[in-house]
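Since every read-out is calculated from the coordinates, none of them should be taken as a lab result. Since the model is a prediction, treat every value here as computed from it, not as a measurement. Counting neighbours? That spans all protein chains shown, and the Cβs are built from the backbone with ideal geometry, glycine included.
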Amino acid sequence: MFERPSGGDAAIMVSVDFGDNDYEESLNELRQLSISAGLSIRGTIEGKRATPDAKLFIGSGKADELAQMMQASESNIAVFNHDLSPSQQRNLERLLKARVVDRTGLILDIFSQRAQSHEGKLQVELAQLEHLSTRLVRGWTHLERQKGGIGVRGGPGETQLELDRRMLRVRVKQLREKLIKLKAQRGMQRRARKRSNVMTVSLVGYTNAGKSTVFNRLTKADIYVADQLFATLDTTTHKIYIADAGSVVLSDTVGFIKHLPHALVEAFGATLEEAAQADLLLHIVDTASTNRDEQIAQVNKVLLEIGAANVPQILVHNQIDRVGLPPSVSRDEYGRITTIHASASTGEGMDLLRQAMAEHSQYLHKLSTEESAYA
């Protein structure tokens, strides 16, 4: 996590094209992430390379160009569209005499700003410490000083670096234990819902696809909505009533993104488990996005990683009002709804979402009845 400088959050973005097909999309996403983090972008350094430079990632020539741009624009943060090794980050900070933030660090900073619940804050802190642990490798001179003498923590001859590592390990262990307890509590709540035959539905999707707007429209809740990445972070759960389905528990989960740091996927395992344990996933898609197919693939990739790939899923193409499409549904060969076109902001097609949930509830009830008959 980076420290915000006084007098303005001026930053230069740095992005290198290694021949990736999604380079422009990734750069645009970095800009949105930077804005979401509260940064003011003063310029962009771009380049092409076959492989990263081992010492400075972007090479000495581009590093000098970056230093000049930062000085001219009075910027004190360099935001990289890539993950940097600890040594690359340190070398760049020494050369630039400024803070260097990689993509993972930027996302972690946004998460630390947005976490509201106790569990969310614990999860973010764990992810930050896991990320920091890779940076405690002869990083700063103050970490090399010896700590010795009677009554000093760690005993004689232990370096500050070793103390920092030990304290970090202790805190990580504490956080993991607390999150395990919270995960167990969630499991008990889910089992109670299963026993009461209440259908659970989770909203999933790429960040900024409109999940929270859909959630508010269905539940008449008032959770925070904004046109920015990761506007909401904590999972929110509400019970709603749907005709022909009865009570339904609806959960709004954290949005996904390309190259979502593995530390975050691991840290938010308890929260993302809501999606893995759901009876139905409403996969919210931004219809107006030119990259919606890639975003759908990225969400499905994360769902596979968290064990939710086999949960029944309905694609909800949201924001049809922005592209002039009418509300509609598509069905598979068995007559089940697979795709819905709707707009949460205008309310068009939201009745189709309720209809889809009602039909899936009836399908689950039929399965349960058949299983009981054969038992």
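Things to note:
- Put simply, the amide H of VAL100, placed in the peptide plane, has neighbours under 5 Å in ALA78, leaving out anything fewer than 5 places away on its chain.
- Judged by the ratio a/c of the largest to the smallest principal axis of the C-alpha gyration tensor, the range 294-343 counts as oblate, that ratio being 1.5 or greater while a/b is no larger than b/c.
- Label-point gap, in nm, between GLU46 and SER133 - each point 7 angstrom along Cα→Cβ: 3.8 nm
- In this structure, the amide hydrogen of ASP9, modeled 1.01 Å from its nitrogen in the peptide plane, lies closer than 5 angstrom to those of SER40, counting only residues at least 5 positions away or on a different chain.
- Cα Rg over Rh - the range 10-109, Kirkwood: 0.92
- Note on GLU177 and TYR334: their simple-model spin labels are 4.6 nm apart, each label 7 Å out from Cα toward Cβ.
- Local electrostatic count at LEU325 - Lys and Arg +1, Asp and Glu -1, tallied over other residues with Cβ under 14 Å: -1
- Between ALA54 and TYR363, the simple spin-label model (points 7 angstrom out along Cα→Cβ) gives 5.5 nm.
- Cβ crowding within 10 Å averaged over residues, with 316-326, 38-48 ranked highest first: 316-326, 38-48
- Among beta bridges from DSSP that stay inside the range 10-109, the antiparallel ones total about 5%.
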